[in-house]
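Input: a single structure, listed below in structure tokens.
The values are calculated or read from the model by the stated rules, or taken from the named source; none is laboratory data. From a predicted model like this one, the values you see are computed outputs, not experimental measurements. All Cβ positions, glycine included, derive from the backbone under ideal geometry; neighbour counts span all protein chains shown.
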Amino acid sequence: MPQSMPQFLRPEDYLFHRSPMLLIEQVNAIGAESVCCSTDLDSPLLKPFSADHQLPAYFGIELMAQTVGVWAGHQDLQAGRAQAQGGLILSVRAYQPCAPQFKVVPGPLTITMQMLMQNDNFASFEGSIQHGNQTLATGRLSLCQLNDQLAHELGLSTH
């Protein structure tokens with residue numbers, strides 16, 4: 001009997017982001033320490049940020065961060081915790097895009113991230129962005145997931 005693929009919620013069900021900053025279209029896989037999401041290079045979500053059929057490669061950093069955000073949101077839901085108030089990219093290390101621009105062509109970008117370490121609200125992930133068989137970027141991100149207390153301590157809370 002063939003196994004069915006696990007069904008995941010929409011990216012916006014895991015993320016704090018909303019249009020126009022929601023860049024992830026689909027959740028492909030979520031594991032205990034890994035996550036894979038995708039979005040089309042010619043997606044309406046990325047169109048506002050591209051020009052002359054090119055997307056600046058630095059958007060890969062945000063795609064990676066939102067992919068990790070999907071993982072974090074999923075973990076929160078699984079543990080019965082309230083959804084985080086977003087997150088902060090603390091550092092980007094060894095971000096290596098293949099070119100300064102990603103050529104906007106049809107087909108999905110696949111963003112895969114693997115956890116390196118986690119301590120409370122802080123985590124480090126590494127991963128890659130693929131278009132078909134081509135690696136467009138690799139990198140490591142350190143991130144902080146905001147909760148009410150941390151947002152208040154950083155002066156980011158609205159209450």
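List of remarks:
- Some residue of region 14-23 being under 11 Å from the mean Cα position of the chain (by Cα) and in a helix (DSSP H, G or I): yes
- Candidates 129, 89, 111 - the one that is within 16 Å of residue 23 (Cβ to Cβ), assigned to a strand (DSSP E or B), free of Cβ contacts under 8 Å to residues at least 60 places away in the same chain and in contact with a strand residue (DSSP E or B) (Cβ under 7 Å, 6 or more places away or on another chain): 89
- Scanning region 23-54 for residues that are among the aliphatic types (A, V, I, L, M) and at pLDDT 95 or above returns 23, 24, 27, 29, 30, 32, 35.
- Of the criteria (1) out of contact with any helix residue (DSSP H, G or I) (no Cβ under 7 Å at 6 or more places or on another chain); (2) more than 17 Å from residue 41 (Cα to Cα); (3) of a type outside the set (Phe, Trp, Tyr), which one residue 145 fails: (1)
The rows are residues; the columns are (1) without any contact (Cβ under 8 Å) to a residue 24 or more places away in the chain; (2) closer than 18 Å to residue 26 by Cα; (3) surrounded by fewer than 12 Cβ atoms within 10 Å (Cβ to Cβ); (4) among the small types (Gly, Ala, Ser).
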{"site": "47", "(1), (2), (3), (4)": "yes, yes, no, no"}
{"site": "69", "(1), (2), (3), (4)": "no, yes, no, yes"}
{"site": "96", "(1), (2), (3), (4)": "no, no, no, no"}
{"site": "134", "(1), (2), (3), (4)": "no, no, yes, no"}
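- Condition met for residue 73 (in contact with a strand residue (DSSP E or B) (Cβ under 7 Å, 6 or more places away or on another chain), touching a residue at least 40 places away in the same chain (Cβ under 8 Å), under 19 Å from residue 14 (Cα atoms) and not in a strand (DSSP E or B)): no
- Within the option set 141, 136, 150, being under 17 Å from residue 69 (Cα atoms) and assigned to a strand (DSSP E or B) holds for one residue only, 141.
- Screening the candidates 60, 73, 86, 69 for the property of being under 16 Å from the mean Cα position of the chain (by Cα) and on the phi > 0 side of the Ramachandran plot yields one hit, 86.
- Positions within region 115-126 being crowded, with 16+ Cβ neighbours inside 10 Å and in a strand (DSSP E or B), in sequence order: 115, 123, 124, 125, 126
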